[in-house]
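S.K.: Okay, here's the structure, questions in a sec.
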Amino acid sequence: MKLNSIGLDTKKTEELAEELNQLLANFQLYYQNLRGIHWNIQGRAFFNLHEKFEELYTEANLKVDEIAERILTLGATPLHTFDDYVKAAKVPIGKNVSVDEKAVELIVNSLTELLKLERSILENAGDANDEGTSAMMSDFITEQEKTVWMMKAWLGETV
């Protein structure tokens, strides 16, 4: 087994970097969705949702950077073109979403896809003994599960 400079199996970190690139692509589209609904939201819930969507896209932007830096730490190159993002993305693309319920549903559906990817990465990071990636995924999952719960509560639904 060949180890990289941070003491992890090179083959396993290459695989993790590929998965992290998938996550990066999906986060970039999630971020764009959030920007779009922040700009376009209308109706009686405008003020509260406009502010909440800004909070969420600010957090997403920070996570994009963290994911890219982790990919670099593992010795790979992060995806960085929208063409790559669209090809790798599984989150739904929200175009011209201005209705409050549709915007919140878009967030829930996007986070559901992100959580699937993050759980897969968490499992594979554990197998690779990659504590850095595991810790990042654990933090992301905990925060996003809470956001899903809150958004579902806003919709009048249960998780």
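Read-outs: derived from the displayed coordinates by stated rules, not from any lab. Keep in mind that what you see is a predicted model, and the values were worked out from it rather than measured. Don't worry about glycine lacking a Cβ; one is built from the backbone with ideal geometry, like all the others, and counts go over all protein chains shown.
S.K.: If you place +1 on the Cβ of every Lys and Arg and -1 on the Cβ of every Asp and Glu, how big does the dipole about the Cα centre of the chain come out, in debye to the nearest 20?
M.R.: Around 420 debye, computed over the chain.
S.K.: Mind pulling the angle between the C-alpha long axis of helix 46-73 and the longest principal axis of the chain? Nearest 10 degrees, somewhere in 0 to 90.
M.R.: 10
S.K.: Right, something else. Calculate, in nm to one decimal, what His80 and Ile93 gain on full extension: separation in residues at 0.36 nm each, minus their alpha carbon distance.
M.R.: Extra length from His80 to Ile93 when fully extended: 2.9 nm.
S.K.: How far apart, in nm, are the 7 Å Cα→Cβ label points at Ser138 and Glu14?
M.R.: For Ser138 paired with Glu14, the spin-label model returns 2.9 nm.
S.K.: Moving on to the next point. Set the Förster radius R0 to 25 Å, insert the Cβ-Cβ distance between Glu66 and Arg44 as r into 1/(1 + (r/R0)^6), and round the FRET efficiency to 0.05.
M.R.: 0.10
S.K.: Pairs Lys52/Lys87; Lys87/Lys116; Lys12/Lys116; Lys2/Lys87; Lys12/Lys146: which are spaced more than 26 Å apart, C-alpha to C-alpha?
M.R.: Correct reply: Lys52/Lys87; Lys2/Lys87; Lys12/Lys146.
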